[in-house]
Amino acid sequence: MRILLVSDLHYSLRQLDWVVKASAAFDLVVIAGDSLSIAAPVPLEAQSVVLLEYLALLQDETAVVVSSGNHDLTGPDEHGEQTALWLAQARAAAIPTDGDSVVVDDTLVTICPWWDGPVGRQRVSDQLAAEAARRPARWIWVYHWPPLGSPTCWTGKKDYGDSDLGGWIDQHQPDFVLTGHVHESPFKPDGAWIDRIGSTWVLNAGQQRGSLPTRIELDTDTGRATWVSLMGSETADLADPVPPPRTLF
């Protein structure tokens, strides 16, 4: 299976256009959060309408899943915790999103929301525990924030990761966790776009300006992952027990 991972598009319509054009070459497109931008002059409600149209275009080309990030939150849920309310319309259109799991070929893809409080955190914990009981040959998580302590969350000045995700990875050992959120990590000598925690590969494509999104192309048949950016590209052999050394610095 060929997977295209992007995240942190932040309402960049040119980058979304590129993703749509490229999508047919992949079996699955993963958008790992922050499709919207709280810094854009366009209101979030209007941005979400446009994003839903792009998701429909992607759905016409291939399988697509989308998770929420911190920029995607548009209002409180029934517990008063902020959530990406607009993604309910994606689910109604049969696009897997926050809280869902979908089987693509021999792979279970579990999409985790950006959680804003104890109820949301417990939902994610329960979601992962429930899906662990039915995991097939391969299990992928989509989770916007990389785990704390991983070079995939290095900003160049500090670790900026999720303090809960590492524990869930240790407990369940998925094959891949597809993340985003920390834009700088792949572009820093001490950062990374790929990391290995136990038997789990953690991927973060990062973010760049311009018409081309940073991206990771994951091929489970060849066992290779390639990070592509304006800075250049790097490839990892997933049969290796450790991530490859950086080659762009």
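The values are calculated or read from the model by the stated rules, or taken from the named source; none is laboratory data. Only a predicted model underlies this, so the values are computations on that prediction, with no experimental measurement involved. Here Cβ is always computed from backbone atoms with ideal geometry, including for glycine, and neighbour counts include all displayed protein chains. Please note that ligands, DNA and RNA were not included when accessible areas were found on the heavy atoms of the full protein model with its side chains. Shrake-Rupley method; radii C 1.70, N 1.55, O 1.52, S 1.80 Å.
What is the percent carbon and sulfur in the accessible area of region 90-147, measuring with a 1.4 Å probe over the protein chains and ignoring ligands?
Ligands and nucleic acids excluded, carbon and sulfur give 55 percent.
Which whole-number value in Å² is the accessible area per residue of region 1-123, probe 1.4 Å?
Here the per-residue accessible area is 40 Å².
Principal axis lengths of region 114-186 from Cα atoms, whole Å, largest first?
39, 29, 16
Which value, in Å², gives the accessible area per residue of region 163-249 when a 1.4 Å probe is used on the protein heavy atoms?
42
Stretched out fully, how many nm does the piece from SER199 to LEU148 gain, at 0.36 nm a residue minus the Cα gap?
16.7 nm
Out of the DSSP beta bridges found with both residues in the chain, what percent are antiparallel (nearest 5)?
DSSP beta bridges in the chain are roughly 55 percent antiparallel.
Mind checking which helices in the chain clear 15 Å along their axis (Cα) and have mean Kyte-Doolittle hydropathy of 0.0 or more, DSSP H runs only?
Once both thresholds are applied, what remains is 44-61.
Measuring from label point to label point, each 7 Å out along Cα→Cβ, what is the GLN173 to VAL50 span in nm?
4.5
Using amide H atoms built in the peptide plane, which far-off residues or other-chain residues are under 5 Å from VAL177 H to H?
Counting only residues 5 or more places away or on other chains, the set is TRP141, TRP201, VAL202, LEU203.
Give me the percent of DSSP beta bridges within region 91-144 that run antiparallel, rounded to the nearest 5.
45
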